[in-house]
Structures are given as C-alpha cells and as structure tokens.
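Below is one structure, written out as structure tokens, with a few remarks after it.
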Amino acid sequence: MPSESLAVLAALIRKELLALRRDLHGLGALFVMPMIFIVLMSLALQHYYNPPAASLPYALDVRDAGDAARLVQGLWVRAHGEPRPLPADWREALRSGELKYLVVLEPGLSAALDAPALPTAAHLRLLTEPGIDGHLFNALRAELVGTAGDAKARLEYMSAGASPGASMAALVQAERFAGGAVRPTAVQQNVPAWLVFGMFFVVASMSSLFIQERSSGTLARLRSLGVPPALMLASKAIPYLGVNALQALLMLAVGVWVMPLLGGEALSLAGVDGAALAVVLLATGVAAVGLSLALACAVRTHAQAATVGPILNVLMGAVGGIMVPRFVMPPLMQRVAEWSPMNWGLEGLLVVLLRGGGLAEAAPHVLRLVVFGLAMLALAAWLFRRRGF
Amino acid sequence: MLVLDRLGFRYPAATRRSLAGVSLDAQRGRVLGLLGPNGAGKTTLISILAGLLPVQEGRVEVDGVPLAALRAEAPTRIAVAPQDYAFYPMLTVAENLACFAAAARLTGARRAARVDACLATAQLQAFADVRAERLSGGLKRRLNLAIALLAEPQLVLFDEPTVGVDPQSRAFVLDAIRALADGGMAVIYASHYMEEIEAIADRVAILDQGRLLREGPLAELLSEGGRVLRLRAPGLHADTLARFGRVARSGEEWSVQLDDAARPAEVLAALDAAGVRPQHIDFGRQNLEQLFMALTHRSLRDAE
C-alpha cells in the first residue's frame, strides 16, 4: 500500500478511536458489560462445577439407637462436618433455607443394615430445602446411598478387620480430565463465554458511527475526496480488531487477578498454549468484526442498529452456549448451537483454556470463524458499494 | 472550466429521469447559481460531479478532461460542501479538519498550513478545540465550508449551504463564497433561496423536474420581464387591465403582459380613472421567483 494511502488509513483509524473513546455507552458495552458478566456469572456458578456438598449446613434426626445407625451417623459426620442442632421447628428451617438438608435415621435402620439381605423399605430420609440445585440433590442422595452401603459392608466384614481410611468411596476415583494442569472452574468456563459475547458487541459501536457517517453525508464526502471504499472499511475493521484484543487482555486479567480478590476462583493459564489462544482470539475477532461491518452496512437507521445488532448477539449467545453451557442442552439444541459463530469462538477457547488443546485441536473452530469472518467482510464490501455512501 | 453536455441520469427503479439533457458550464472566478425546488435535480447533479453517481448520459469535462479521468487522477480538484453537516460531531473542529485534510492526501507542513488557512477563512480559530456537536448551526456551516476548502479545489459545489442558520451567519457564508469566486475559484451554488442566488450568482441555471428551464447571466434573466407590468391594487377588476394585454392574477397581485401598442402610463391612467389606488408597481424587471413562475406556471415555494 502506498505511504499516501497509509497516512489516510492512519487518520481514519485515529478518527474511529477518538469517536469510540468519546462514546461512553459504547465503551460500557464493549468493556464493562462483559467484565460484569464474567464476575457475576463466575461467582454465581462457582458451586455448579464444585458442589459444596461437604460444607452445607445440615441437621441429623437420629431416631434409631442401634450400633448400625450410629455407624451411619459417624460416617456422614466424618464426610460432611458436624451437624447443626436439630431445631424444634426444622420444617421452617428447611423451608427458609436456614438448613440446606436434614437426614432422618428412622427406627429400624440398624435392623435393616444388620439383616443378611438388601433393604426393601426406606429407613433413611433426605429432606432438602426447596430451592436446592438438582445436581446437589442427586449428589446428596447418592452419598447417602453410598454411606448406607458402606456401613452395611463394614458390618458384614467387621470380623475380617478394616484398615484405617478404608471405605467404599476409596474404591472410586473421579476427576474432570483436562489433560494438563488446567482446572475446570466456573471462571474457566465464564471468561471465554463472556469474552466472546463482548467481542461480538463491537457491532453496536461500529454501526452507530457508520450510520451517523452515512446519514450526515460524511462517507460521501470522504468518497468525493477520493478515499477508496476498501480503505474506509479497513479503517473500521482494524481498530475494532484492536478493541477485540484489548477486550481479551482485560477479560483474561479479570479472570486471573480480579476474581480471586472477589472471593472467586482464579482463571488458570498454566499449561495453556499461548499461540493457540492468540490464534483463536484473532479468528474470533475476524468473525466479530466481519459480522459487525456487514450489519453496519445493512442497517439504515440508528433505531435498526440499536436493535438488530444486540438482538442478534443475544440470540447467538443464547443459542451458542454463552448463557447456557452447551453440554446441558438436549442433543437437538446442541446441533443448533453449532450454527452460532459465538459457539465456534467459545468452543475454540474452551479447547485451549479448558482442555489443554493446541493449534491442531482448535483448527476446526478457527477455520469456521475465519471463513465466516471473510465471507461477512465480502458481504460488507458488496453492501457498501451497492447501497452507496 | 466545467462543461456539462446533455447530462442525464435515472436512479434505479425510478419512473422518470432525475436529470434530462442538462447542458451547462461553470467558469473560474464566477458563481453559477443553481436554482430549483427540492427534487429539481440539483443534488443529483452535484452528486455526479462529486463522483458519487456515474455519468449515465451525456458528457462532463473539466478543462477538456472527462470527469471520470479527472476524479481518478485528482479527485480533490472538485470539492463539495454538502447540505448536511458532513463531519464528525464527536471530534473537535481541529480534529475534523486534520482528518479530512489527511483524507485529501495533504501531508506534513502543507497539511498544517491548510488547516490553519481554512480555520482562518471560516473564522473558526477560537473554536478549534471545541467539539463540532457543540457548535451553533452557523458555526457548523462554517466548518462544512472550511472542510470543503482544505485541498484548495478549483471548483467547489455548495448544496444549500445556508439551511438552518441565522441571518448573520448566512451573510458570512455568502460573503465567504463570493470571495472564493473573486479569488479565481469556480463555484456552483445550489439553493432554493432565490434571494441568495440573486445576491451571489453571476449566472443562473433554473432546474425543474430534472430539466434545465433557463440558463444565462443573472442580469439578463432578471430583465426578461421587460413588457410585464406587475402591481398590487386592492379593488381592481380584470376588465380594467384586459384591454392592455394578457392578465394574470395571484391574490391581490396582478400582472399584465403588455401588448406591443400599450404603454405603462396608459395602464396607470386607467387605474386612476377607475378609482383604484395601486400600492406597488413594478415594470421592466422581474425577480427569480417571477421568472420561475413564468417558466413553470408554479410558485417556487409551491413546487418544494
């Protein structure tokens, strides 16, 4: 590119950045909104990935005085800490959430555990507060079944003796496998999700100025001064790719340094392939900027820009696994999610940040993002010429 | 300098042509006033000259060079000051000028000198660091003007450059544009304000519905109503005037296209005899409004 054109490009980029710097609402949407989402959602979902089953306030109602019941009680307390004293009005304590759950050891529990047969009637009751998370409920029930089974096994094999720390739980080892040192946490999931969401929000700022330029005749004026359309589009794409890069740095910094200060877990970048991370982020930026430019060229009014862009983003986010993780979706919705460019960005980042993947593993997502971004840029160029200035 | 020869243009899907067979020329040191109601084709004509629309029919040349070739080679020789505030409201006056100066490929010391010169021409020095959105309507017009002059164009097209400004700013803008022509620039001034065209133009072209109705030196056009007597006379009957020529009436305003034998003094005598006391009489010269009306049988304001 001749130095003359570079000087024009630099001046137009400077204009774009000045306009953005003075657009407080735009800055808020680009930087503050995703940061708030990351903090809020990470704190809100902190327990989703590490259920606090072992630290919930609970009570025991022991109505069986037998040895087997005492054994169950001991095992439970050992794993879950000391229970709260059983309140007189335990029903109200559960309803209000003051107690998260209550375990009732019904009369006949010891007899059922001592009997040389599997139980056929319920002697252990788990009562939880009404709003408890479904996964946590299931985990507590499974633990209770496991504890009872463990107790029954201990009673059976008492004569054979038991080494300290032996339990049925020792038989099972469970972990989320990441292949490296990366820990799957709410932060690890939410930083990429809301970063991708924020990156696609460049559409609002970009289309707002674009429409203002077109309606005021400023684009026409630039054109009549001999500025080529490709240079005008490049002067918009380049600064917003920079904005995307800044967003990425800020969001990662929030995950690494700010979240621990707020009592959340820190984003871990240990074992992450930096080059792969940069490539996925760049590809996401290309897709976000391409789509934003195409939309900016397609809409005609500020009202359209203020609604179409954000609505499209929210839809892409909802469908693409930003707001609801894709793995909790039914199979049909998971397939629908694969059509959202936000999902490609998110999956690419999850591959790198969560699964310890490198360039090769992220390549399918990167390819989709880049092809989509370039197609959108071509559409933007076509619309720009067709619709005039 | 600028020659338009049978220029025609039709927008896609439009039923009629926005410009049809328009032939004009603009000279250095002269202001060509382009008069016509909204929809007459003024903005289309300016858009073609600005390179925003193609030359579909006819020929446009600047000093013998086809417009397309000129725009490819030296696009800044023709500048446009559009009707809208075509600049960045969130940028300061100086930032706007710097941005457009760079877009016009001005560099280094020349860029700085041109920005200073245009600030001075538009008397905007005191507002250099003020954001454009905070300027008054008049100052915004001046900024629009200053940006148009950055690249020292040889032809400047002004499209309704005084819309929405106070009388003082209007006078400033008109004086500044007149000074540009006096300095050797070719100026095309499109407006639907007849008074402005009368005040500033050397030649006038009247457009209506894409057609050029009349073009010529201002003084010549204004003197075309040589045998028309116009008067305002309450209580006057058409019969009193009919024997002197063809009579037309608009409210209390009357006009008589005098027959060859009729003399104005005879008309006045007849009015006196009929006991009619005229409030206003005009003979031998018409204004652009009257010329437009004579050409289209419509008022310029009605046509907007």
Of B:60-70, A:284-294, A:11-21, ordering from highest average Cβ density within 10 Å down gives A:284-294, A:11-21, B:60-70
Cα→Cβ-extended label distance, 7 Å offset, between A:T120 and A:A303, nm: 7.3
Cα-based Rg/(2.2 N^0.38 Å) for region A:8-133, rounded to two decimals, is 1.94
Give me Rg/Rg_expected for region B:136-216, where Rg uses Cα atoms only and Rg_expected = 2.2 N^0.38 Å with N residues. 1.10
Which aspartates and glutamates have a Cα less than 16 Å from the Cα of A:K100, not counting those fewer than 8 places away in the same chain? A:D61, A:E82, A:D89, A:E92, A:E129, A:D133, A:E143
To the nearest 20 debye, what is the magnitude of the charge dipole of chain B about its Cα centre, counting +1 on the Cβ of each Lys and Arg and -1 on the Cβ of each Asp and Glu? 520
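Using a 10 Å cut-off around each Cβ of peptide B:90-98, what is the average number of partner chain Cβ atoms that fall inside? Can you show the working numbers first?
Numbers: counts 9, 5, 1, 0, 0, 5, 2, 0, 3.
Partner Cβ neighbours, averaged per residue: 3.
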Calculated FRET value between A:V324 and B:A126, using beta carbons and R₀ = 51 Å, to 0.05: 0.35
Full-extension gain between B:E224 and B:D259, please, as 0.36 nm times their residue separation minus the C-alpha to C-alpha distance. 11.1 nm
Could you order peptides A:272-278, A:224-230 by the average number of other Cβ atoms within 10 Å of their residues, highest first? A:224-230, A:272-278
At q = 0.12 Å⁻¹, base-10 log of I(q)/I(0) for the protein assembly as shown (Debye sum, equal scatterers on each alpha carbon): -1.23
Which value, in nm² and rounded to one decimal, describes the direction-averaged projected area of the C-alpha convex hull of region B:68-145? 5.4
Using the crude model of +1 on Lys and Arg Cβ and -1 on Asp and Glu Cβ, and no other charge, please compute the dipole size for chain A relative to its Cα centre, in debye to 20. 1860
For chain B: Kirkwood Rh in Å [reciprocal of mean 1/r, alpha carbons]: 21.3
Normalised by the number of residues in region B:227-283, what is the relative contact order in percent for Cα pairs under 8 Å and 6+ residues apart? 50
Bridge orientation stat for chain B from DSSP, antiparallel percent rounded to 5, came to 65
For A:K236, list the lysines whose Cα falls under 23 Å from its own Cα; do not include residues on the same chain fewer than 8 positions away. A:K15
Find the relative contact order for chain A and round it to a whole percent, using C-alpha pairs within less than 8 Å whose residues are 6+ positions apart. 20
For B:A13 and B:V65 in the same chain, what is the full-extension length gain: residue separation times 0.36 nm, less their Cα-Cα distance, in nm? 15.7 nm
Which order, highest average first, do A:258-265, A:81-88 follow once you tally other Cβ atoms within 10 Å for each residue and take the mean per peptide? A:258-265, A:81-88
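Can you tell me the dipole magnitude for region B:1-72 around its Cα centre, using point charges on the Cβ only (Lys, Arg +1; Asp, Glu -1), in Debye to the nearest 20?
200
Can you divide the C-alpha Rg of region B:120-261 by 2.2 N^0.38 Å and report the result to two decimal places?
Normalised Cα radius of gyration, region B:120-261: 1.45.
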Take every DSSP beta bridge with both residues inside chain A and express the antiparallel ones as a percent of the total, to the nearest 5. 45
Between A:H135 and B:A238, with labels modelled 7 Å along Cα→Cβ, what's the label distance in nm to one decimal, could you check? 9.2
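Arrange A:H365, A:H25 by Cβ neighbour counts within 10 Å, fewest through most, would you?
A:H25, A:H365
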Measure off 7 Å from each Cα along the Cα-to-Cβ vector at A:L127 and A:A230, then give the distance between these two points in nanometres to one decimal. 7.6
Kirkwood hydrodynamic radius for chain A: how many Å is it when counted over pairs of different Cα atoms? 24.6
Per-residue Cβ counts within 10 Å, from other chains only, averaged over A:12-25: what number is that? 3
PRE reach from B:E289 (point 7 Å along Cα→Cβ): which of region B:235-257 fall under 18 Å by backbone N? B:248-256
Intensity falloff of region B:227-283 expressed as log10 I(q)/I(0), Debye formula with alpha-carbon point scatterers, at q = 0.17, 0.18, 0.21, 0.28 Å⁻¹: -0.43, -0.49, -0.68, -1.33
Expressed as a whole number, the average count of other chain Cβ atoms within 10 Å around the Cβ atoms of B:146-152 is 1
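Bear in mind that the values in this text are calculations on the coordinates, not laboratory data. Quick caveat, the model's predicted, so the values are computed rather than measured. Every residue, glycine as well, gets a Cβ built from its backbone with ideal geometry; the counts of neighbours run over all protein chains shown.
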